[in-house]
Structure formats: structure tokens, C-alpha cells
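Handing you this structure, nothing more for now.
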Amino acid sequence: MNKINIEKYLRFGEIVLMIAGLSFFSGIFGTQSMGIVLSEGLITFIRFSLWGIFTFLVFLFWQDAIAIINRNKVLFILTAIAYFSFLWSDFPDYTFLNSRDILMMTNFGLYFAIRFSLKEQIKIITYTLLIGMFLSLVFVYAFPGIGRHWVDHPGAWKGVYGHKNYLGSMMVLSSLAFLSLAKDTLLIYRISGLFLSLVFMIFSTSRTSLVLSFILILIIMFYKKFRWRGKVSVIYIDIGILILGCVSLLVFTYWVEIITGLGRDPTITGRTIIWNIALTRLMERPFLGYGRGAFWAPKSNYAIEASQAIGTGWVPPHGHNGFIDTTLDVGLIGLVLFLFCYFITFARALKLGYASKKPEDTWPLIYLIFLAINNITESCLLYLPNLYWVLFITISFTLSKTKVIKNYREYQEQKERRYLICK
């Protein structure tokens, strides 16, 4: 077997490993779904095996990892605060168990950014979400007791993701990934993937996901039509689009409740009650928060207080707002650090998106807008191990890596010019 074939097989194995990691973070290996196929012990083994493998692989490429870390110091400070937050948590054991996921996600994101370009990353993401669609379809029809809702949302699909809203959110992400595939990707693959994403979104009956996908597709069309390169006004327009998108999600998703208070309730299915309690309690520990996951821990008095305020007997597992939950986990200091990282990455993504006509180069910008809007009504940042945070840090690392390479090339070109002048 020659060297070329060995490298080819190694690369294929690397891609399979990345798909396995992304599948884990997307929730495919959740005990609620795959627990009927795999034992909980085996799922735990898969979890720690992936962690160990990616930690080892990052060490193999330690020079690239250090270069990326040096350009993302603030993001790593935020990671450190989240990890060590068990030190001031009311539930240190619970927080410590949750905090280990931070290291796992960081290792994975580092390796994903080091070894794969944006174009390759998007392809791997689409493969992962297609597998999620296939498995969800199997569970919907072969294991309907798990693949569908029967009590709270009768008939709604949830597939292997545990809840209809999470399935819908994954399908929004899938539709964006398929729209961002490079032009040299088979057209039938791009169209089929987008179509299937929309079908699953519809059967999930997640109104938020449908509204969000509509808003984001309009934004993508806007970016493709208007590319004002080099103009400062585009920055204000993009920030305006980001804010408008967040407001639009609330208005278009809950317009009946907002105007009349009918159907569900005027508190947006209890979210405003949860937010009010969370923000009130935040003032008791404003700077470093309660520790990762501690505020909504199963035995937390604050979660019980929110449940009693809602009056349905349901205990919320999170605050249904990623920004509020991040602040509860790591305080205002952590929130400021996150927002700093977000807008630095947003600026880099904006520059890349407007400097290129390639669909894959708009992926970081579109994903960051999706992340911000999605976290208005859901908690998709530091909550548990999740795909959203993994993709955020991967994009942050990738864009900073791109700048490192660009600076290196500029340095080499300047060096050659100086040499020619001296000669």
C-alpha cells in the first residue's frame, strides 16, 4: 500500500471521527433515544473515548493549537472561568461534572479548526445532520414512543433529539449548512438536503424554527444581492440586521400571544416569568454567577421557585435564553467576555463574507446571526455539551487561524520584496 493510499484512508478515518464527535454534541447519543440501542455505560464510554482521542490529537498538533490559543486568549479565559466555576457553585460536584464538557468541546473545536477548512467543515456538518435525519426517521416510525411527542405535543416529531424544538433547531442549522455548501458540490445534494431539512422542520411543528429559517433565508438572500465592499455603512447595516432578526423572531413567533394573550399565554409560554426570576436572583451574585449549570440544577431552589411561579408543575432545565443562562453560569464578567469574543468573530466573519463570492465564506456570518437569534428563546451556549457552542468556537478558531496564515503570507511577500530591492 503506497503512501498516497495510506494518507487517503487516514483522512477518511479523520472525517468519520469528526462526524462521530459532531453527532455526540448534537445529542444523537442521548440516553433518551440511543439508550434503547446502546447501554448507558457504553454511551459514557463513547463520551470519554472521544474526549481522550481529541485531546491526544490536539497535542499532536500542539504548535497550531498554541498559535490559535494566542489569538483567542479572551475566549480561553472565558473557558477557564466556566471550568473552574465549581469552586463557587452551590452544587460543586454537579458543576464539576458539567464543566468537564467545556474541555471536551474546546479540544474538539481546536482540532476541527486546525485540520479542516471552512469548506470541509460545512460538508462534514451536512453529513452529520443527514445521519441525524435518517436516525430520526427510524425512531419516528420504528420507535414512535420515543421518536414522537404524545402527551404535550401529540404527533410532533422529535426524532433522536429528545424534543421537537431541538429537532427543529437542528434542521434550521442543517438548512443553513446546505445553503452554504461550495458551488462545486452536487446541486442535487444541496437541494435535497435543504428540502429534507424543511420537511423535518414542518413535522417537528416547531413554529420558532420555521420563523427562524424564514428570517435567516431572507438574510442570506440579502447578503448575496448586496455586497458593499469597503464601506463603513455595511457594519451598521449588519448590526441592524442582527438586532432586527432577534426582535423579529419574538414578534413573528408569538404575535398572537403578544397582541391578544390567547392560545398560549402573554408571558410567551412562561419564559418572561423565568427570565424575571433569573435576573432578580442574578443580582445576588452578579460578577461570577452561580457556576456552570448550578442555577438550574435538579435540586436547586431557584429552579423550584421558577416552577412554582409558572404554576404548571414543570421544572425548567434552563432559562430559555442563552445570554441569561450564560450570565447565571459565569456572571456579568463571563457575559462581557463572551460578547467581546462574539463581536470580534462577527467582525472577522463580516470581512470574510463581503470579501468573497464563495457560499462557504458566508457560513461564519450566517451561523453567528443564527446563534444570536436562536438564543433569544432557547439556551444554546454553555448549556451542557452542545453543537452550537462547538461550532461557535470552531468558527472563532478558524477565522483567527485564517488571519494568522494571511499575516504569515504577507510577511513572506514583504521579505521577498525587500530581498529583491536589496539585490
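Quick note: the coordinates plus some simple rules give every number you see, no bench work behind them. Keep in mind it's a predicted model, so treat the numbers as computed, not measured. Note that each Cβ is placed from the backbone with ideal geometry, even for glycine, and that neighbours are counted across all protein chains shown.
Mind checking which of L137, H153, Y111 is farthest towards the positive end of the stretch 98-153's charge dipole, using Cβ charges of +1 (Lys, Arg) and -1 (Asp, Glu) about the Cα centre?
Farthest along the dipole direction, towards plus: Y111.
Would you mind ranking D93, D64, D329 so that the residue whose beta carbon has the fewest other beta carbons within 10 Å leads the list?
D93, D64, D329
How far apart, in nanometres, would the label points at I4 and Q63 be if each is projected 7 angstrom from Cα along the Cα-to-Cβ direction?
2.7
Also, quick follow-up: Rank the residues D90, D325 as a footprinting-exposure proxy: fewest other Cβ atoms within 10 Å of their Cβ go first.
The most exposed by this proxy come first: D90, D325.
Would any residue of the stretch 163-182 have its amide N under 16 Å from a label point 7 Å out along Cα→Cβ of L384? List them or say none.
The answer is 163-171.
How do the peptides 102-112, 302-312, 121-131 rank, highest first, by the average count of neighbouring beta carbon atoms within 10 Å per residue?
Packing proxy ranking, top to bottom: 102-112, 121-131, 302-312.
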